[in-house]
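Below is one structure, written out as structure tokens; the observations come after it.
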Amino acid sequence: MRDLPISEDAFRAGVDMRLAAGDGVAEALCGAARDAMVPLWRQAQASGGKRVAYLSMEFLIGRLLRETLRAFGLERAASEICAAQGTTLGEVFEAEPDAALGNGGLGRLAACFLESMATIGCPGVGYGLRYEHGLFRQSLVQGKQVEAPEDWLRFGAPWELNPGRAYEVGFGGHVTDGVWHPGERVRAVAHDVAVPGEGGRFAVILRLWQAEALRPFDLGRFNYGDHVGASAAEASARALTRVLYPDDTNEAGKALRLKQEYFLVAASLADLMADHEGALADLADALAVQLNDTHPAIAGPELIRLLVDGWGLAFDEAVALARKVLAYTNHTLLPEALESWPEGLMAWLLPRHMEIIRDLDAALPEAGILDHGAVRMGNLAFALAHRVNGVSALHTELMKETVFAGLHASYPERIVNQTNGVTPRRWIAGCNPALAEVITGAIGDGWLTDLERLSGLEPLDGGVVDAMAGVKRANKARLAEWLADEHGVPVDPGAMFDVQIKRIHEYKRQHLNILETIALWQEMRDAPEAGWVPRVKIFAGKAAPGYHFAKEIIHLINRVAERVNADEVTGDLLKVVFVPNYNVSVAERLIPASDLSEQISTAGKEASGTGNMKFALNGAITIGTLDGANVEIRERVGAENFLLFGMTAEEVAARREIPGHAAEAVASEPRLARALETLHDGTFIDDWPDLFAGIAGNVAGHDHYLVASDFADYWRAQREADDWYADADGWAQKAALNIARSGWFSSDRTIRGYMRDIWGIETVSA
Ligand code: H53
């Protein structure tokens, strides 16, 4: 038994005390686990050497109880407590709200990073916003997405610790003689969540800022009779951290968003500077600040402002020092996602920062910070960072060739690669404990914190491969039960579970998948006895509320599901399920039960992907394009264990130049033409036959994402998947090899890379 930082007895006593005080079981478990972390929290606060601050507008942390109990080795005690209280630990886990303070991959990556930092002992802190409402809750009404506010704080905030820190943040106003006089001020109040690492010996703090009014209540106004107006300041301040912008790789470009970004940056830098004890010149030896995408890029001008206006540094010195401290991660090349703010808005909201940005633009003309009256945040972040990293090997090379080609020529040392990773604690041990047990049985303990040890599974032992296949069968049976009970879709657990779960976006091409589904259904109907491999097509994902095309795709998937699932001709050969309200917890349920992982973005568009890694680690085989980290997954698991299809990024670029490329592809692929017909002819919606004509028109017309051009090869790869699956032993072998060869995709490896190549930080022993 390992030596735990908190004893079971102390934990039980903490829970008993809370139960006696009237807490429910869930609250009592969370509360006692949180209290167990107080010493770690203090220790993390006090860490002496260099540390990193990870600034991110998103942290998709999900549920915390299961992970925290495992980190501390307290699951057994917790399940006994639950049994004594007439419930189960599983039920308590399910009741915890899923904290969705993020949209997708970027936010989930930030959460994996904090956990990895805590596990390997990288001193650091995450800074984010405490959105009262995280990402919206998605439901389906007649197959269409409907959004409702998510209320993750409805049961209070059992994980939070109050560090008693608050700072004033200003906006607007004017600058006189180089001094900024903001016209509006709000207070940023810190709420901390401690993220423990495996073994519970070290923790990283996630500090979330909430906006509050300096004077929440105006008694004078109230007494005067203005009962609503008396609280106006509070309402206006609170609006700052009320909602998370629900866009993923589409930029909203709204003033409130810029305000949120500055609020995060100003509070976090004030906090960091308050803690800096040494000489100012030593700042970069004590602190690294990582900007998660351009969202916190105003940190550059803010740090320069603090150094010049507050500490009296010369502008050039301040720029040099800021650059030593800051580094920037780029997560997308999509032009619509690269932030750019009108100079007028920037000058109105942050007049002193706009001055600094103009000075920077004059000092660094090659950086292209200002362009046609707009501040290009990617260029600004690049210019003020000593390292700029991409998130997969391919993405990093494309950064050099495309968006940052000019800057790369001026600063050839600056761009580096750090391929993303995922934490195996949550994404294997937490969500797939039976698989973890098989692995431990085969290679012993230790792999969970040294994931490359998975390679010790090779040469594969027949018994281990069978055991892994047995785990997959059991996970699929459990998922099938859940799909029937919760979503009313009975499925055959023996069918291939083919899963695409991620944000809905044209570049991710859920419409390629559903068109292939339609074509498959048509062929199955033509010849139901042709020996088809039964499939369950599972989709999940949210569309940005204003993204019409993505919402149409969701609607189409659901209409296809309705028609296909009721079809007696195809019966159990094909089922289609759209699981609503995709979030971290849904992913944890689906990934361990998946056979086929759909990673089918148009090459050159998905910066990395991280779901692709989670699937491979859980023994799903990828059907995918040469995009993002798919390239590296394929290199590692072996081409013979990966279903590759589609054009390369270069071929994509060339194909787009061919006039009428989509029409030509449709004409040469009768299956696609026939599937597209159904979007006009009422097959899926008889009272409005033309409803999906927009999707059909796009695919056969402009088709920027080359669905039509990649369709034939996708179909081919899908049929190859059928052949592979029909050989159950061969499939089990390939699935096991995916697990054995994916150890490199741990976020521990990624964080070690950041520490070595970007932050210059050493691990500490807890
Ligand atoms: O970041 C992930 C990548 C993924 C990329 C995603 C992302 C967002 O979730 C949001 C904004 C953005 O610019 C990029 O799309 O490919 O895996 C983490 O790097």
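Could you give the size of the charge dipole of the chain about its Cα centre, using +1 on the Cβ of each K and R and -1 on the Cβ of each D and E, expressed in debye and rounded to the nearest 20?
1200 debye
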Next on the checklist: Explain nothing, just the number: relative contact order of the chain, from Cα pairs under 8 Å at least 6 residues apart, as a whole percent.
Outcome noted: 13 percent
Item to check | region 92-120 and region 193-236: distance between their alpha carbon centers, rounded to Å | outcome: 22 Å
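From the cross-link list LYS508/LYS537; LYS508/LYS575; LYS551/LYS734; LYS50/LYS502, which pairs have alpha carbons spaced over 25 Å apart?
Correct reply: LYS551/LYS734; LYS50/LYS502.
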Checklist entry - Does region 622-678 come out rounded, prolate or oblate, given a ≥ b ≥ c as the square roots of the eigenvalues of its C-alpha gyration tensor, rounded meaning a/c under 1.5 and, failing that, prolate meaning a/b above b/c? => result oblate
Checklist entry - In whole Å, what is the distance between the alpha-carbon centres of region 583-621 and region 314-377? => result 35 Å
Checklist entry - Of the chymotrypsin sites (Phe, Trp or Tyr not before Pro) in region 252-312, which ones lie in a loop per DSSP and count no more than 14 other C-beta atoms within 10 Å? => result TRP311
Item to check | Surface/4 of the Cα convex hull for region 614-734, nm² | outcome: 9.1 nm²
Checklist entry - If you add up the charges near ALA708, with Lys and Arg at +1 and Asp and Glu at -1, over every other residue whose beta carbon is less than 9 angstrom from its beta carbon, what do you get? => result -4
Next on the checklist: Need one word for region 414-502: rounded, prolate or oblate. Basis is the Cα gyration tensor (sqrt eigenvalues a ≥ b ≥ c); a/c below 1.5 gives rounded, then a/b vs b/c decides.
Outcome noted: oblate
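Could the peptides 204-212, 598-606 be put in order, highest first, of the mean number of other beta-carbon atoms found within 10 Å of their residues?
Order by mean packing, descending: 598-606, 204-212.
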Item to check | Cut-off 15 Å between beta-carbons: net charge of the residues surrounding GLY312, Lys and Arg +1, Asp and Glu -1 | outcome: -3
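Just to confirm a number: summing +1 for Lys and Arg and -1 for Asp and Glu over residues other than TRP731 whose beta-carbon lies under 14 angstrom from that of TRP731, what do you get?
Working: positive: LYS472, ARG473, LYS476, ARG535, LYS734; negative: ASP466, ASP498, ASP595, GLU640, GLU720, ASP722, ASP723, ASP727, ASP729.
Net of charged neighbours comes to -4.
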Next on the checklist: Check which residues have an amide H placed less than 5 Å from LEU574's amide H, if you skip close sequence neighbours.
Outcome noted: ARG535
Checklist entry - How large is the charge dipole for region 510-623, taken about the Cα centre, if only the Cβ atoms of Lys, Arg (+1) and Asp, Glu (-1) carry charge, to the nearest 20 debye? => result 460 debye
Next on the checklist: Starting from 0.36 nm per residue, how many nanometres of slack lie between ASP713 and TRP688 once their C-alpha separation is accounted for?
Outcome noted: 5.8 nm
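Do you know the relative contact order of region 424-745, to the nearest whole percent, from alpha carbon pairs under 8 angstrom that are 6+ apart?
About 21 percent, as a whole number.
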Checklist outcome for this item: Rounded to the nearest Å, the spacing of the alpha-carbon centers of region 631-652 and region 404-444 is 18 Å
Checklist entry - If you take the charge dipole of the chain about its Cα centre, with +1 on Lys and Arg Cβ and -1 on Asp and Glu Cβ, which of SER236, ALA274, THR602 is farthest toward its positive end? => result ALA274
Checklist outcome for this item: Honestly region 465-590 on the Cα gyration tensor test (a ≥ b ≥ c root eigenvalues; a/c under 1.5 rounded, otherwise a/b vs b/c for prolate or oblate) is just oblate
Checklist entry - Ordered by packing density, taken as the mean number of other Cβ atoms within 10 Å over each peptide's residues, highest first, how do 326-333, 654-661 rank? => result 326-333, 654-661
Checklist outcome for this item: Volume per residue (Å³) of the convex hull spanned by the alpha carbons of the chain is 173 Å³
Item to check | Charge dipole (debye, nearest 20) of region 425-512; +1 at Cβ of Lys and Arg, -1 at Cβ of Asp and Glu | outcome: 400 debye
Checklist entry - Sorted by packing (mean other beta-carbon atoms within 10 Å per residue), highest first, where do 468-476, 565-573 land? => result 468-476, 565-573
Item to check | Per-residue [θ]222 nm for the chain (sum of -39500 (n - 2.57) over DSSP H runs n ≥ 4, rounded to 500) | outcome: -13000 deg cm²/dmol
Checklist outcome for this item: FRET efficiency for ALA21 and SER455 from the Cβ-Cβ distance with R0 = 41 Å, rounded to 0.05, comes out at 0.25
Item to check | Antiparallel content of DSSP bridges confined to region 424-745, in %, to 5 | outcome: 0 percent
Checklist entry - Between ARG185 and ALA10, what is the label-to-label distance in nm when each label sits 7 Å out along the Cα-to-Cβ direction? => result 4.1 nm
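No value in this document is a laboratory result; all are computed from the given coordinates. Just so you know, these numbers come straight off a predicted model, no measurement behind them. Ideal geometry is used to build each Cβ from the backbone, glycine not excepted, and the neighbour counts take in all protein chains shown.
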